Amino acid sequence: MAVSFIRVDDRMIHGQTCTRWALEYPCDGLIAVNNTAAKNPVLKAAYKSASGKKTFVWSLDDFKAKSDKVLKSKDNYFLITKNPVDMKKILVDQGFKPGVNTVIIGPCNDRPGATKLGNNQSITQEEAQALEDIMNAGYEVEFALLKEEAIGNWKKFRGQFGFH
């Protein structure tokens with residue numbers, strides 16, 4: 001298995017991701033996919049130093065080009081994006097099949113136009129559409145800052161965004 005855990009987290013990489021979730025899921029390294037961070041040497045360096053693990057910060061195009069290598073790797077990686085739209089681009093549009101069927105939605109900041117679902121978990125209509133598309137592609141979508149703080153599956157919230 002090359003991807004052991006899939007997460008959306010607006011902070012992308014921080015200690016909690018690496019220490020707490022790595023207890024639940026084996027992890028040799030992290031792959032953060034974000035076009036802005038991939039092009040910013042300062043952000044890239046900050047993310048790489050945050051985990052204490054082998055860390056890659058790639059654009060969506062980089063990920064698409066390297067996804068076969070990821071799947072063939074003997075190491076286990078966490079796949080992380082900053083928002084649900086980018087994760088949808090990887091799992092649905094690019095058709096990446098990681099062999100893991102659950103996507104964990106972590107912190108998503110309160111923003112104008114976003115609907116608050118739980119503590120530090122707010123989703124815009126565009127993000128809701130991305131989550132709906134991910135679910136329809138066969139994934140379970142769970143909202144959890146930490147495993148023991150899960151607030152529920154996307155199915156519980158989707159009606160608030162007009163999905164039935």
What lysines could a cross-link reach from residue 74, if we take a straight Cα to Cα line under 29 Å and drop same-chain neighbours fewer than 8 places away?
39, 44, 48, 53, 54, 64, 66, 82, 88, 89, 97, 147
If one takes the longest principal axis of the Cα atoms in the chain, at what angle in degrees, from 0 to 90 and to the nearest 10, does the Cα axis of helix 125-136 lie?
70 degrees
Carbon-plus-sulfur fraction of the accessible area of the stretch 1-143, 1.4 Å probe, in percent?
51 percent
Candidates 112, 26, 41; GNM for the chain (alpha-carbon contacts under 10 Å) flags as most fluctuating 112
With everything on Cα atoms, drop me the angle between helix 60-72 and the longest principal axis of the chain, reported from 0 to 90° to the nearest 10.
70 degrees
What number comes out for accessible area per residue over the chain if the probe is 1.4 Å? Units Å², please.
46 Å²
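The values are calculated or read from the model by the stated rules, or taken from the named source; none is laboratory data. In this text the structure is predicted, and so the values were computed from the model without any measurement. These area figures cover heavy atoms from the full protein model, side chains too; ligands, DNA and RNA do not enter into them. Shrake-Rupley method; radii C 1.70, N 1.55, O 1.52, S 1.80 Å.
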